[in-house]
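Notes for the one structure printed next.
The values are calculated or read from the model by the stated rules, or taken from the named source; none is laboratory data. All values derive from a computational prediction rather than experimental measurement. Here Cβ is always computed from backbone atoms with ideal geometry, including for glycine, and neighbour counts include all displayed protein chains.
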Amino acid sequence: MLNIFRKWSRRYLFEEESILLLVMIAVALLLLMTIGDILAPLIAAIILAFLMQGVAASLERHGLPHWLGVSVAFTVFITVFLGAIFILMPLVWRQMVSLVGEMPRMLEAVRNLLNVLPERYPAVLSPAQIQDFYHMAQGRMGDAGQELVKLSLSTIPNILGFGIYLILVPLLVFFFLKDRDEILSWIASFLPNERPLLKRIWGEMNMQIANYVRGKAVEILVVGAVSYIAFKILGLSYAALLALLVGLSVIVPYIGALLVTVPVLAVGFFQWGVGGEFYTLLAVYLIIQALDGNVLVPLLFSEAVNLHPVAIIVAVLFFGGIWGLWGVFFAIPLATLIKAIIYAWPEPKSLDQPDAATRADTVE
């Protein structure tokens with residue numbers, strides 16, 4: 001067993017930087033698994049700063065000085081950030097509370113619909129089974145209402161912490177944008193002077209992560225805005241809440257689109273029933289999903305960022321399991337980072353090739 005491990009290490013860890021990189025990855029995973037919740041605002045600020053760095057760099061390429069490019073990028077960020085906190089989120093919360101209040105009426109409509117099934121399929125369903133299902137759903141709905149109340153009450157003591165994060169995250173984003181070069185130089189001072197492997201990985205990661213994060217932010221805004229406009233034109237209830245769900249669903253490809261289809265069609269069904277309006281909603285929703293997958297995504301993302309669906313599902317399961325909701329949110333960027341490391345890793349060393357010490361002895 002030791003001989004196998006020794007051969008594997010000679011084949012893949014023949015460079016000092018390879019061992020250093022493995023140690024850095026292990027430390028990063030350990031931090032995510034142990035204090036990931038504590039570091040979440042810092043990581044979110046890094047992602048947001050990485051996103052706005054593209055705006056600042058674009059402005060600088062057009063001749064603006066560094067301080068002005070950073071100021072414009074941070075102004076755009078703070079405007080969107082405060083708009084989401086004080087305008088979008090209260091609207092979504094009100095619609096969520098209203099939707100929870102409508103749940104009993106929706107459940108009664110489902111009950112009336114299911115009561116017809118035992119008459120048509122007596123061998124499959126009985127009235128007693130329908131009644132048991134109704135009571136079970138009613139109990140689950142009551143539990144969901146209680147959880148919502150507990151969530152509302154539990155947020156009261158955390159208002160101070162939320163206010164701190166409300167100040168801390170924008171402040172971190174500002175300093176990450178303003179002192180980006182100084183921070184990177186400080187981090188590089190702890191690394192070896194000669195680091196070709198780390199430089200290759202940084203170049204690959206910088207290209208792929210930048211493409212993903214900025215492209216995904218644009219995709220969320222476009223899909224969410226188009227969905228909101230379409231839902232408002234159709235007169236669909238809870239348009240802001242459903243549009244937010246549709247926009248956020250693009251974070252997790254394939255899985256997100258499947259999950260968000262259920263609430264969109266359910267609200268349309270309970271509002272209009274099966275008819276022309278419902279089929280129009282279904283057609284519009286499918287068109288939005290088709291345009292997102294076949295037009296918007298190819299325009300925003302390069303081939304280098306594409307991940308196989310199996311890799312996406314594994315990343316969501318793995319990082320979601322060790323980091324909860326934050327892991328699901330950052331699963332694709334982290335998977336993209338792993339892909340960048342794999343592509344930049346040195347080619348395996350042939351075991352037949354003598355190492356440096358052996359070659360020196362041969363020369364002597």
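Against the definition (touching a residue at least 40 places away in the same chain (Cβ under 8 Å), more than 18 Å from the chain's Cα centre (by Cα) and surrounded by fewer than 21 Cβ atoms within 10 Å (Cβ to Cβ)), how does Ala217 come out, yes or no?
no
Give the residue, chosen from Ala84, Ala109, that is at pLDDT 70 or above and touching a Phe, Trp or Tyr at 6+ places or on another chain (Cβ under 7 Å).
Ala109
Scanning for something of a type outside the set (Asp, Glu), touching a residue at least 60 places away in the same chain (Cβ under 8 Å) and closer than 19 Å to Val213 by Cα, does segment 281-299 turn up at least one residue?
Yes, segment 281-299 contains at least one residue that is of a type outside the set (Asp, Glu), touching a residue at least 60 places away in the same chain (Cβ under 8 Å) and closer than 19 Å to Val213 by Cα.
Could we say that Val72 is modelled with pLDDT under 80, more than 24 Å from Ala331 (Cα to Cα), in the same structural domain as Asp179 (by TED's automatic domain parsing) and surrounded by 13 or more Cβ atoms within 10 Å (Cβ to Cβ) here?
So Val72 does not fit the description; no.
Hey, could you check segment 225-252 for residues that are of a type outside the set (A, V, I, L, M) and within 23 Å of Pro309 (Cα to Cα) and say which is surrounded by the fewest Cβ atoms within 10 Å (Cβ to Cβ)?
Residues of segment 225-252 of a type outside the set (A, V, I, L, M): 227-228, 231-232, 235, 237-238, 247, 249.
Retained after the next criterion (residues that are within 23 Å of Pro309 (Cα to Cα)): 247, 249.
Numbers: Gly247: 21, Ser249: 24.
Restricting to residues being of a type outside the set (A, V, I, L, M) and within 23 Å of Pro309 (Cα to Cα), the top hit is Gly247.
Of the conditions (1) polar (S, T, N, Q); (2) surrounded by 13 or more Cβ atoms within 10 Å (Cβ to Cβ); (3) without any contact (Cβ under 8 Å) to a residue 12 or more places away in the chain, Asn112 clears all except one; give me its number.
Only one criterion in (1) polar (S, T, N, Q); (2) surrounded by 13 or more Cβ atoms within 10 Å (Cβ to Cβ); (3) without any contact (Cβ under 8 Å) to a residue 12 or more places away in the chain is unmet by Asn112, namely (2).
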